[in-house]
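A.B. asks: I'd like to ask some things about the structure below.
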Amino acid sequence: MSYIQGVLIACPTDRKDAYRDLAERAAPIFADYGATRIVECWGDSVPDGKVTDFKRAVKAKDDETVVFSWIEWPDKATYEAAAQKMETDERWQDMPEMCFDGKRMMWAGFEPIFEWGG
């Protein structure tokens with residue numbers, strides 16, 4: 001099984017194309033680090049919860065859409081090495097400015113414990 005990096009952000013709804021462009025430009029860099037798959041998902045059915053929900057998790061405003069993404073890595077070591085490479089890789093400086101508030105972005109690493117299908 002692979003290792004998963006999950007990402008959750010709130011992006012201004014009118015910046016969807018800018019976000020997609022940023023994701024398309026970042027994908028080859030992540031691939032160079034060893035990522036095997038990247039999936040970017042634009043929220044279109046994100047219900048309000050009674051206690052918590054995706055919107056509250058990233059403090060999404062009325063004019064923002066929740067984006068849920070994941071990157072698949074061969075293993076945790078590759079994921080951790082990628083995090084180190086990101087700190088000094090000059091290619092990130094050539095990227096367009098983030099079209100979302102990075103302070104409200106959350107990410108974490110996950111070890112798969114079950115897979116079905118695909």
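A.B. asks: Considering the dipole of the chain built from charges on the beta carbon (Lys and Arg +1, Asp and Glu -1) around the Cα centre, which of Thr88, Leu22, Ile9 is farthest to its positive end?
C.D. replies: Value: Ile9.
A.B. asks: Something else now. Ignoring solvent entirely, what values of log10 I(q)/I(0) come out of the Debye formula for the chain at 0.17 Å⁻¹ when each Cα is a single scatterer?
C.D. replies: -0.94
A.B. asks: Explain nothing, just the number: relative contact order of the chain, from Cα pairs under 8 Å at least 6 residues apart, as a whole percent.
C.D. replies: Averaging sequence separation for qualifying contacts and normalising by length gives 50 percent for the chain.
A.B. asks: Further, regarding this structure: Give me a comma-separated list of calculated 3J(HN,Hα) values for the range 48-63, in order, Karplus coefficients 6.51, -1.76, 1.60 applied at θ = phi - 60°, integers in Hz, x for any Gly or Pro.
C.D. replies: Running phi through 6.51 cos²θ - 1.76 cosθ + 1.60 with θ = phi - 60° gives 6, x, 7, 10, 8, 6, 4, 4, 5, 4, 10, 6, 4, 8, 4, 9 Hz.
A.B. asks: Rank by packing, highest mean first: peptides 39-46, 17-24, with packing defined as the count of other Cβ atoms within 10 Å averaged across residues. Intermediate results must be reported in sequence, preceding the final value.
C.D. replies: Numbers: 39-46: 12.0, 17-24: 15.0.
With the highest mean Cβ count within 10 Å placed first, the list reads 17-24, 39-46.
A.B. asks: Could you give the accessible area per residue of the chain, probe 1.4 Å, as a whole number in Å²?
C.D. replies: Counting only protein heavy atoms, the per-residue value for the chain is 69 Å².
A.B. asks: Indicate the gyration tensor shape class of the range 1-47 (rounded, prolate or oblate), computed on the Cα atoms with a ≥ b ≥ c the square roots of the eigenvalues: a/c under 1.5 is rounded; otherwise a/b larger than b/c is prolate and the rest oblate.
C.D. replies: Oblate is the answer for the range 1-47, as a/c is 1.5 or above yet b/c matches or exceeds a/b.
A.B. asks: Okay, moving on. Share of the chain's accessible area from carbon and sulfur, percent, 1.4 Å? Write out the running numbers ahead of the final one.
C.D. replies: Details: 4320 of 8170 Å².
Accessible surface attributable to carbon and sulfur in the chain totals 53 percent.
A.B. asks: Under 22 Å between alpha carbons: how many lysine pairs meet that in the chain, if sequence neighbours fewer than 8 apart on the same chain are excluded?
C.D. replies: Eligible lysine pairs with Cα atoms under 22 Å apart amount to 11.
A.B. asks: Could you estimate the translational diffusion coefficient of the range 56-118 from the Stokes-Einstein equation, with Rh from the Kirkwood formula over C-alpha pairs, at 20 °C and 1.002 mPa s, in whole µm²/s?
C.D. replies: Once the numbers are plugged in, D ends up at 145 µm²/s.
A.B. asks: With +1 on each Lys and Arg Cβ and -1 on each Asp and Glu Cβ, how big is the dipole of the chain about its Cα centre, in debye rounded to the nearest 20? Provide the component values of the computation, followed by the final result.
C.D. replies: Working: 15 positive and 23 negative charges, 72 e Å.
That gives a dipole near 340 debye.
The values are calculated or read from the model by the stated rules, or taken from the named source; none is laboratory data. All of these numbers come straight from a predicted model, not from anything done at the bench. Cβ: placed from backbone, ideal geometry, glycine included. Neighbour counts: every protein chain shown. What goes into the accessible areas is simple: the full protein's heavy atoms, side chains included, and nothing from ligands, DNA or RNA. Shrake-Rupley method; radii C 1.70, N 1.55, O 1.52, S 1.80 Å.
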